[in-house]
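The structure appears right after this line, and notes come after that.
The values are calculated or read from the model by the stated rules, or taken from the named source; none is laboratory data. Everything quoted here is computed from the prediction, not taken from an experiment. All Cβ positions, even for glycine, are placed from backbone atoms using ideal geometry, and neighbour counts span all protein chains on display. SASA here: full protein model, heavy atoms, side chains in, ligands and nucleic acids out. Shrake-Rupley method; radii C 1.70, N 1.55, O 1.52, S 1.80 Å.
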Amino acid sequence: MNDAVVIENLTRRFGQFTAVDQISLTVRRGEIFGFLGANGAGKTTAIRMLCGLLLPTSGAGRVNGFDIYRENERIKRSIGYMSQKFSLYPDLTGRENIQFYGSIYRLPRRQLKVKLEEMIERLELNEFIDRLAGSLPVGWRQRLALAAALLHEPSILFLDEPTGGVDPVFRRRFWDMLYLLADSGTTLFVTTHYMDEAEFCGRISIMHRGRIIEVGRPTDLMEKHGEKDLQDVFIKLISREEAHV
Amino acid sequence: MIQTIIALIIKEFRQVRRDPIMLRLLFIMPLVQLLLLGYVVSTDVKLIDTAVYDFDNSRLSREYVRSLTAGEYFVASKDDLPLLNADLAFRQNRRNAVIVIPDDFSEKLENFEKVKIGMLLDGSNANTASISLGYAGLITAQFNQRVLGLNMPIQLRQKNLFNPEAESVYFMVPGIVAVLLTMITVMLSAMGIVRERERGTLEQLMVTPISTIGLILGKIIPFAIIGFVEMSIALAVGILWFDIPFAGSWGLLYFLSFIFLFTTLGVGMFISTATRTQQQAMFFAWFFTIYALLTSGFFIPIANMPHIIQLLTYLNPMRYYMTIVRGIMMKGSSIDILHKEVLAMVIFGLVVFTFSALRFSKRVK
């Protein structure tokens, strides 16, 4: 089958400011793709265009084979999206949130019930599912948001800084869950600025000022730039770019 | 689509239930408004504190003062300030009127000469002043007739149909129904949508396959239901507590209220597309409500407004609804009398709703 995400020269301008500047990349099915960049590099804007939330200014793109200009509603049916801001209802319980999103994705009632139990078990939400989402610690909120994004079994999951503000133990557990997902064939498109997380990814791209300045497997990039870890590669690349300007 | 809308409605009511302050506000607000406007903002002018300067102090002049204070309109008391300083009592808000009877009052009357009585009014409340003047004129005319046995060739006999006692609460309560519906639905719908945008939950909804129309209906129907509940509370209190007659058809009132809600929810939705934060939405909704209130004919008759302001009232859906509620409740008006108002509301609703729905796209800006 075709690739999960294919974009070519994708550009988005806001007035004079170019947030995303002619980026091109391909994400294969079942891959964990790390979308790296400093704050304000344009990662969120790019993800929003891929999810059909934002129209590109120019360039082309397909997600799950659907055109991002014309078929954004079909894209939405086939993807999951977890934004960097906690976006479930804080004044509803975890269960109510999941039920709500289940209905929005038109899951039949019985299937929703099965799914809910499955999520509770898989994401270890048992103690927390009946508490108000807003009262949960950040790590549990994140898992709840993940559960809501996975209900309709999307083939691609977009995660925009999913582990921001979460402690290291939680982050590791979260990534274990992402690995399980990837094993079952889900494509993961993750933005992060934790370099240790980037090393978990099959391939990564590094974005700077709206442009992609490097793409490759983490080990290959370390080798190519002669550094011991990704953090050094990242800093080296960004400083080099800054020096150009 | 139905499943989506139902899910949104259930969600919205769960959120309302979780917010005890909001819940209390929703049920207490209509009661407080009704009681306040029903009792306090009565436009009937009664018990006008009047200082009487009777320089004649004769049988006839006392008779005149008695007839003045016989009704419940004027409460007379003796002057306690020199006439030259009578305005001081106005400044101290102790008096609303001063009556001056000259010392030749009875003498001239007995000689069938013309007599002049002076009346000073506190014009800082022009409304009260002009109504007081009207009462005084009427009472004086009656006094002329009765005491002097004058036979006036033209006699005006007046009767207020539909509201014989001219009780202001009878037309205030229908007005409050209109005000409540406008306030609640414009504000709740504007803030309800903006709150989701602020929290980021709207963005999450927008990446789902939910249809725009489903999303709009799901966000708006709960507020329409709340609007109907508020309206029913207001009507129940009005009828059971204030004994307001209800002359018309309940079915027609609720049906036309539904059309009216279409316009106010459309306005609320427009506000939500034009603002970014709940505060902005709140101010915007407040501004609209005040405009709607002032140009609706609720307090101020539209016919009394300057021409240019009268034109502005045509852009106010509440103006039409005000005529409709008062018409149905007080006069039992039917649809063939109200069809112009209904048509105007339908047009307003369609325009504002379509315009807002187009602005309310599923893409972020």
Of the residues B:Arg14, B:Arg24, only one is over 30 Å from the mean Cα position of the chain (by Cα), of a type outside the set (Ser, Thr, Tyr) and open to solvent by 50 Å² or more (accessible area, probe 1.4 Å); which? B:Arg14
Considering each of A:Asn97, A:Asn126 in turn, give the residue that is part of a loop (DSSP other than H, G, I, E, B) and polar (S, T, N, Q). A:Asn126
Answer from A:Gly134, A:Gly80 - the residue that is in a strand (DSSP E or B) and touching a Pro at 6+ places or on another chain (Cβ under 6 Å): A:Gly80
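Could you pull out the residue among A:Arg172, A:Arg131, A:Arg141 that is within 13 Å of chain B (Cβ to nearest Cβ) and open to solvent by 80 Å² or more (accessible area, probe 1.4 Å)?
Values: A:Arg172 fails: within 13 Å of chain B (Cβ to nearest Cβ); A:Arg141 fails: open to solvent by 80 Å² or more (accessible area, probe 1.4 Å).
Going through A:Arg172, A:Arg131, A:Arg141 in turn, the sole match is A:Arg131.
Among the residues of region B:183-192, is any surrounded by 15 or more Cβ atoms within 10 Å (Cβ to Cβ) and within 14 Å of chain A (Cβ to nearest Cβ)? If you could, list the steps in order and put the result at the bottom.
Residues of region B:183-192 that are surrounded by 15 or more Cβ atoms within 10 Å (Cβ to Cβ), as a first pass: B:183-192.
Within this subset, residues satisfying the condition of being within 14 Å of chain A (Cβ to nearest Cβ) are B:192.
Yes.
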Which residues, taken from region A:83-94, are without any contact (Cβ under 8 Å) to a residue 60 or more places away in the chain and either assigned to a loop (DSSP other than H, G, I, E, B) or facing chain B (nearest Cβ under 7 Å) (or both)? A:Lys85, A:Phe86, A:Ser87, A:Tyr89, A:Pro90, A:Asp91, A:Leu92
Out of A:Ile98, A:Ile75, A:Ile104, I need the residue that is closer than 17 Å to A:Arg141 by Cα and either buried (at least 22 other Cβ atoms within 10 Å of the Cβ) or among the basic types (Lys, Arg) (or both). Which one? A:Ile98
From the set of residues in region B:244-269 that are open to solvent by less than 60 Å² (accessible area, probe 1.4 Å) and among the aromatic types (Phe, Trp, Tyr), which is farthest from B:Met231 (Cα to Cα)? B:Phe246
Condition first: under 23 Å from the mean Cα position of the chain (by Cα) and open to solvent by 60 Å² or more (accessible area, probe 1.4 Å). Can you find one or more residues in region B:136-151 that meet it? no
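Anything in region A:31-44 that is outside any strand (DSSP E or B) and touching a residue at least 40 places away in the same chain (Cβ under 8 Å)? List them, or say none.
A:Glu31, A:Ala38, A:Asn39, A:Ala41, A:Gly42, A:Lys43, A:Thr44
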A:Pro56 vs (1) surrounded by fewer than 16 Cβ atoms within 10 Å (Cβ to Cβ); (2) in a loop (DSSP other than H, G, I, E, B); (3) in contact (Cβ under 8 Å) with a residue 40 or more places away in the chain; (4) more than 18 Å from the chain's Cα centre (by Cα): all pass except (1)
Subset tally (residues that are among the charged types (D, E, K, R), more than 14 Å from chain A (Cβ to nearest Cβ) and touching a Gly at 6+ places or on another chain (Cβ under 9 Å)) for region B:195-251: 0
Within the bounds of region B:224-237, is there any residue that is open to solvent by less than 30 Å² (accessible area, probe 1.4 Å), more than 20 Å from B:Val32 (Cβ to Cβ) and in contact (Cβ under 8 Å) with a residue 40 or more places away in the chain? yes
